[in-house]
Amino acid sequence: CGAHTLPLAKSGLLSEIVAVELDARLVEACRRNCRLNRLVSEPTADRNNTTVRVVQGDAAEWARKTLRQTHRTDAAPSATENDHNFDILLVDPPRAGLSATVCDMALRGTFEHVVYVSCGRRALLRDLTLLCGGARGNGNEE
């Protein structure tokens with residue numbers, strides 16, 4: 001929620017960022033930084049502005065409630081919050097690694113890319129094994 005949100009939003013490469021963080025202090029710091037950097041919190045017609053939405057909560061619970069558990073389709077995305085198509089999933093989990101729900105979301109979601117930031121080598125190896133093993137078994141090999 002903290003270190004990655006501002007640089008990504010300022011890059012102009014993304015139209016929307018949803019930052020999910022459990023720690024209330026980090027959520028408030030991210031919201032404050034977004035305000036200080038004049039990052040919008042609601043979608044606008046101006047494509048030069050990145051929408052940043054900061055959500056306080058558990059990432060696994062957010063994934064369960066928010067993301068469709070289907071693969072990317074060419075259908076027009078719905079406007080409801082429970083029906084998003086995201087291109088990129090950036091995860092920066094605690095040293096223990098990703099929860100099973102977040103790993104499942106990464107495998108079943110609409111993501112074209114997953115960026116994994118890790119400070120725990122063992123958890124990274126475990127998660128990559130799960131993610132790569134799941135990718136091989138879903139019939140979408142390239």
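What follows draws every value from the coordinates through simple rules; no lab data is involved. Predicted, not measured: the structure shown is a model, and the values here were computed from it. Here the Cβ positions follow ideal geometry from the backbone for every residue, glycine too, while neighbour counts run over all protein chains shown.
Annotations
- Residue 117-residue 35 FRET efficiency (beta carbon distance; Förster radius 25 Å; 0.05 resolution): 0.55
- For residue 115, net neighbour charge (Lys/Arg +1, Asp/Glu -1) across residues whose Cβ lies under 15 Å away: -4
- Residue 89 long-range amide H proximity, modeled H, under 5 Å: 113, 114, 115
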